[in-house]
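The values are calculated or read from the model by the stated rules, or taken from the named source; none is laboratory data. Bear in mind the structure is a predicted one, so any value in this text is a computation, not a measurement. Cβ: placed from backbone, ideal geometry, glycine included. Neighbour counts: every protein chain shown. Each accessible area value is taken on the protein alone, full model and side chains, heavy atoms only, with ligands, DNA and RNA left out. Shrake-Rupley method; radii C 1.70, N 1.55, O 1.52, S 1.80 Å.
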Amino acid sequence: MSYSVVGQSVPRVDAREKVSGSALYTGDMMLPHMLIGKVLRSPFAHAKIISIDTSKAKELPGVKVVLTYEDTPKILWNSAGFPPSPGAILVEDQYILTNKARYVGDGIAAVAAVDEATAVQALELIEVEYEVLPALMNIERAMSDGAVLIHEAEKNIYGHTPVVIGDIDAGFADADFVFEDTYYVPKVNQVSLEPCGVSMAAPDKDGRITIWTSTQMPHLVRSITAHALGLKTGQIRIIKPPVGGAFGSRLGVVNEPIAALLAMKVGQPVMLKYTREEAFLATESRHPITMTIKTGVKKDGTFTARQLTSYIDGGAYATHTPSLAGPVAGWFLAMYKSPNIKVDNYSVYTNSTQCGAFRGYGNPQVVFAVESQIDDIAERLGIDPLELRLKNHPCAGEVWLWSGWVIESCGFEECIASGAKAIEWTKKRSKIGNESSHQGSKKRGVGMGYMMHVSGARPMLHETSAAMIKINEDGTANLIYSNSDCGQGAGTSLSQIAAEELGIPFEDVMITKTADTDVAGFDIGSHASRQTYSGGNSVKNAAAKAKQKILEMAAEMMETPVSELVVKGGRVWASNKSSEEPAKSVSIAEISHRAHFGSHGNQIIGVVSEEPPGNPPVYAAQFVEVEVDTETGIVEVLRVVAAHDVGTAINPAIVEGQIEGAIQQGIGYALTEEYCYDQESGKPLNPNLSDYKILTSVDMPQIETILVEAACDTGPFGAKSVGESGLVATAAAIANAVYNAIGIRFKELPMTPERVLAALQNKNK
Amino acid sequence: MSDINYWEPENLTDAVSILADRADQVRALAGGTDLLVKMKKGLTNWKGIVNLKGLTELKGFIYEGQTISIGALTQISALIDNPLLSLHFPALVDAARSLGTPQVRNLATVGGNLCNASPAADVALVLLMYEARLLIMGPNGSRQVSIQEFYVGPGQTVLQQGEILTAIEIDLPPLNSKGVFFKHGKRKSHEIALVNVAVLLTPHPGRKQIAQARIAVGSVASTQLRIKDAEDSLTNSLATLSAFEQAAELVKEAVNPIDDVRSTASYRKQMVGVLTRRALVEAWGEEL
Ligand SMILES: Cc1cc2nc3c(=O)[nH]c(=O)nc-3n(C[C@H](O)[C@H](O)[C@H](O)COP(=O)(O)OP(=O)(O)OC[C@H]3O[C@@H](n4cnc5c(N)ncnc54)[C@H](O)[C@@H]3O)c2cc1C
């Protein structure tokens, strides 16, 4: 199919304001009489609060309000951003300010003062007496006999997600080989450029409160914040200005209830802006998971049984964890076909900061483990790793176990073929431990990893989106949408979808760049890579409704039936029967003018609110070449070839940007990133960007993205998704390449120089 | 950060007297990339800062015969842009290039890198290898110390109350010598060295034997070190891989690194050996 706007790498709608520095983020805003909020955080990982004395802080000039647990509504709530849905398991275990500290950084008290210095000083004047309890910093300790309870959950386990398909024991009995391995992946942070946790709350005189917040999901933050505060949803208005990156960190409530509570108590606007350190200390990051995978396989590479047992370290509060256990099972069981599958996922409390959503939502963890083991299986069976994957992955027309729905389109074979060609798989794989420069100490290897991902969260979650298109008097169109673009470019892609459907130039569509829950219809936000597919469908359908009205009006004006009219380039054309006559056309501006001011007197508006028709999975195969310095243990990624089936790429530049940016996080996950705690005291060791190592631009390898556009029927113009998938397979591909280079299998991330060197020395002993 | 006093003296004499009068209470501020970070973290109880930015005479390069004098307030980025430094002191330029990020390099100064006295400092390590002389101005006039005598401990120097480092002098290294700086970290930019090494090798005229070797290492002890034993082992010896390996072993024996969040003592010890050997090989620059 040929499109006019779809498939074009048009500049992003927010590019100019962002590159020029004029975009106004939440943290840039100021209101008259605005106060600055600050949170007092527990210095202990686990402690009872015996007493709090705020009197000195309250007396400090400039301090307007000091709040503790005593002042918070006694409503238990859960911060995770889920709509009420079958797959949302919401354990409510937190208060806005806690009466027991469960991690270093847990919010004990909050102040609002005339300026930041006064607010900070006020925190220092709050006197807290703690009774320190043992800090349980890992699942082993948390689940051990007699461990103190972080909440009221036996052995600190608060969720078990079992899945059984077929007969797992029979499956293992049927196997020629059984592989069993345990993998561990660490806690890593999203590190969005704008630190997570920025909101400004302003109460009005009518009992409502407006909250500007850097969020991915305005509507869900509205209802969760209302619940936590004991308000009606309609009493809150959420405005989402530009957001400086999210990657899941803002997938739910962050600090909006604290800002709102302070503002309501004092009757003035309050800005609550977390520092980078606070974003590390007190906002959600990726779950560490210990995964044991057992796989039964026939000599020919057919799987007879696949089993996953995982312990998910959710940190101090439940938030997303029990719900994430579902997709963790889903990613595992849907990747490869097997008649017998068993999953047991356990959610465990520890005294670390609560974990939540991070690009991929459990998939990078699972794929690292599964794809590492698949390579070991391939080696043992003497089968090419590519072949083993091609033999066992689910294809178009088959049921995808994640959703239970039939797979619409599959570009995986092409991903494998084009990726393997680009990396020169056959040539490079044959030379294991390929030596290069520097006194023979550097060894090269290539490896790959495969993944599947979603284009939304159906049927686990309701995926409601609403869009409204109004055609202005001059023929331009406003797209009114709860635009939760957090930097990924979804607002631009949605505008392209609207322009394509309406048949008007891209520049003539103006999307609401700022989301406002008082203006746009309900939308569940930016998550699960859903904006282009789910949001895109509602935008396309709203545009189709508007277009239908445009055509009807044109039919009247042109005295031609609708069936003979087409819209193109901002005009409606009559498809002329005889080619002698010049083509008849009328501009949408004229049509809209007639609609507004002719005898009908109504503006052309198309509105929908709906759930998307499906959830088509996407595929990717990532190939990497690494060089391992066997004297220093440093792994350098030289090259990444990322072949992704995304369906139709609405904006190829944006799609490539998503993949490249994700790979930066994927390499960090594999090699350098790990948020560490002192195992005794529970103090975080690296809550800053000097010691928490995200890769810089000069660390990035050459990346080649290959877009495989296996369009699907239900997607807007065939689009599926790309937002999260770029990092899902990266760590696995790197681990497999490292194995190819030095013959050592790493089952724990990150593969730091210290660990790699130690493993090399162990091997040579 | 609570309220503090702030001065912006226009000349060195004023700066010295403000610092001398208020003694421990106030600190000199150059680029602020160490100082302000510490203050923001609340690690200090200083009552005031004296911003040296008005002392333009402490900025820039002066060439005199065999010596280059670098003003203490010269920005790290200025080292990178200087063609004569690239020619004569390539290791210094490499160290400058490896420091922090472009934003940090535009603020950070050479003097600050020395006075902060971090065992990991990059530019300071190369200056130790180039045997810099440090010019100091204080309430009792000026004095000069060798960089070897400058450090007292981590974060501590011989600077007395009211003293300001004004300039750093380095002599052109011997003809045909080559200096090399290597830094080891987990990424290629914005990295505090896990280990850094600066070496200089001067060949005898026949180019078979080493006339002189200098080896300076950082991040492996409480201050940066010259490793005399290793240097001596190379003097007048044949340049062979095994000679370099032996020198690297001597370096490993001489250091005493620590475990911290960035790495382990054992890893650092191994790396100082690898880096030293590689730096020596690179400095020799020919097939061995
Ligand atoms: C993000 C970041 C990354 C960094 N990366 C590196 C790195 O890779 N390598 C590295 O070596 N360093 C690094 N640093 C540390 C720092 O940038 C350097 O040490 C820098 O050279 C310090 O210079 P400054 O001018 O900013 O010093 P300041 O912070 O102004 O001063 C540092 C100390 O020296 C004193 N002082 C400064 N100048 C004088 C003077 N003329 N006389 C007397 N006392 C003086 C001050 O009182 C203060 O105690 C990094 C810092 C940051 C924030």
### Query
Taking the Cβ-Cβ separation of A:Thr426 and A:Val163 as r and a Förster radius of 25 Å, what is the calculated FRET efficiency to the nearest 0.05?
0.10
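Estimate the FRET efficiency between B:Lys228 and A:Ala173 by the formula 1/(1 + (r/R0)^6), using the beta-carbon distance for r and 56 Å for R0, to the nearest 0.05.
According to the calculation, E is roughly 0.20.
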### Query
Using a basic spin-label model with each label point 7 Å from the Cα along Cα→Cβ, how many nm lie between B:Ile62 and A:Lys56?
5.2 nm
## Note on the structure
When chain B is treated as a Gaussian network with springs between alpha carbons less than 10 Å apart, the largest mean-square fluctuation among B:Ile170, B:Ile62, B:Ile136 is found at B:Ile62
### Largest-first principal axis extents of the Cα set of region A:143-225 (Å)
71, 34, 27
### the protein assembly as shown, dipole about Cα centre (Lys/Arg Cβ +1, Asp/Glu Cβ -1), debye to the nearest 20
560 debye
### Task
Would you work out the relative contact order for chain A, in percent, from Cα pairs under 8 angstrom that are 6 or more residues apart?
16 percent
### Task
For region B:5-51, count all C-alpha to C-alpha pairs, find those more than 12 Å apart, and express that count as a whole percent of the total.
59 percent
### Message
Quick check on my link table: of A:Lys765/B:Lys183; B:Lys40/B:Lys186; A:Lys187/A:Lys693; A:Lys299/A:Lys391, which ones sit more than 18 Å apart, alpha carbon to alpha carbon?
### Response
A:Lys765/B:Lys183; B:Lys40/B:Lys186
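Take every DSSP beta bridge whose two residues both sit in region A:154-270, then give the antiparallel share in percent to the nearest 5. If you can, show how the numbers build up before the last one.
Working: 6 of 10 bridges.
So the antiparallel bridges amount to about 60 percent of the total.
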## Note on the structure
Excluding residues fewer than 8 positions from A:Lys547 in its own chain, the lysines with Cα under 21 Å of it are A:Lys470, A:Lys568, A:Lys584
#### Entry: Debye log10 I(q)/I(0) for region B:1-93, one point scatterer per Cα, at q = 0.12 Å⁻¹
-0.49
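Could you work out how much longer the chain between A:Glu70 and A:Phe597 gets when fully extended? Use 0.36 nm per residue separation minus the Cα distance between them, nm to one decimal.
183.8 nm
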### Message
Could you tell me the center-to-center distance, by alpha carbons, between region A:83-159 and region A:316-348 in angstrom?
### Response
25 Å
### Task
Quick one: order B:Trp284, B:Trp46 from most to least accessible surface, probe 1.4 Å.
B:Trp46, B:Trp284
### Query
Using only helices, what value at 222 nm comes out for chain A when you add -39,500 (n - 2.57) per DSSP H run of length 4 or more and divide by the total residues, to the nearest 500 deg cm²/dmol?
-8500 deg cm²/dmol
### Amide H partners (placed H, <5 Å) of B:Thr74, local residues excluded
B:Gly60, B:Val110, B:Gly111
### Message
Give me the one-decimal nm value for the distance between modelled label points at B:Leu238 and B:Lys208, 7 Å along each residue's Cα-to-Cβ direction.
### Response
0.8 nm
### With at most 14 other Cβ atoms within 10 Å, longest stretch of chain A clear of loop GluC sites (Glu not before Pro) (DSSP)
A:153-397
### Query
Using a 1.4 Å probe, how large is the accessible area of A:Trp573, given in Å² and rounded to the nearest 10?
90 Å²
### For region A:92-107, Karplus couplings with θ = phi - 60° (6.51, -1.76, 1.60), whole Hz, Gly/Pro x
8, 9, 10, 10, 4, 10, 8, 9, 8, 7, 10, 7, 5, x, 4, x
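Please list A:Asp344, A:Asp115 in order of solvent-accessible area, largest first, computed with a 1.4 Å probe with all protein chains present.
A:Asp115, A:Asp344
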### Query
So how do A:Asp645, A:Asp691, A:Asp518 rank on accessible area, 1.4 Å probe, biggest first, that is with the largest at the start?
A:Asp518, A:Asp691, A:Asp645
### Summary
Taking 0.36 nm per residue of separation between A:Ala583 and A:Glu398 and subtracting their Cα-Cα distance, the length gained on full extension comes to 61.9 nm
### Query
From the Cα gyration tensor of chain A, with a ≥ b ≥ c the square roots of its eigenvalues, which class applies: rounded if a/c is under 1.5, or else prolate if a/b is larger than b/c, or else oblate?
oblate
### Query
Using a 1.4 angstrom probe and counting only protein chains, how large is the accessible area of A:Ser2 in Å², to 10?
110 Å²
### Query
If you build a Gaussian network model of chain B, linking Cα atoms that sit under 10 Å apart, which residue out of B:Arg133, B:Arg262, B:Arg226 swings the most?
B:Arg262
## Note on the structure
Site A:Gln679, offset 7 angstrom along Cα→Cβ, radius 20 Å on amide nitrogen, limited to region B:256-278, gives B:258-268
### Task
Determine the gain in length on full extension of the stretch B:Gln156-B:Lys178; use 0.36 nm per residue of separation and subtract their C-alpha separation, reporting nm with one decimal.
4.9 nm
### Task
List the residues of region B:37-52 whose backbone N lies under 20 Å from a point placed 7 Å from the Cα of B:Val104 along the Cα-to-Cβ direction.
B:37-44
### Query
How big is the accessible area of A:Leu125 in square angstrom, nearest 10, if you roll a 1.4 angstrom probe over the protein chains?
50 Å²
#### Entry: HN-Hα J in Hz across region A:314-321 - Karplus 6.51, -1.76, 1.60, θ = phi - 60°, x for Gly and Pro
x, x, 7, 10, 5, 5, 7, 4
### Task
Treating cross-link reach as a plain straight distance, find the lysines whose alpha-carbon is under 28 Å from the alpha-carbon of B:Lys47, omitting any fewer than eight places away in the same chain.
A:Lys38, A:Lys56, A:Lys58, A:Lys64, A:Lys273, B:Lys38, B:Lys59
### Task
Quote the FRET efficiency, to the nearest 0.05, computed for B:Asn11 versus A:Val120 with a Förster distance R0 of 45 Å and r equal to the Cβ-Cβ distance.
0.80
### Task
State the antiparallel share, in %, of DSSP beta bridges confined to the protein assembly as shown, rounding to the nearest 5.
80 percent
### Message
Using a Gaussian network model on chain B with a 10 Å cutoff between Cα atoms, which of B:Met39, B:Met271, B:Met129 fluctuates the most?
### Response
B:Met39
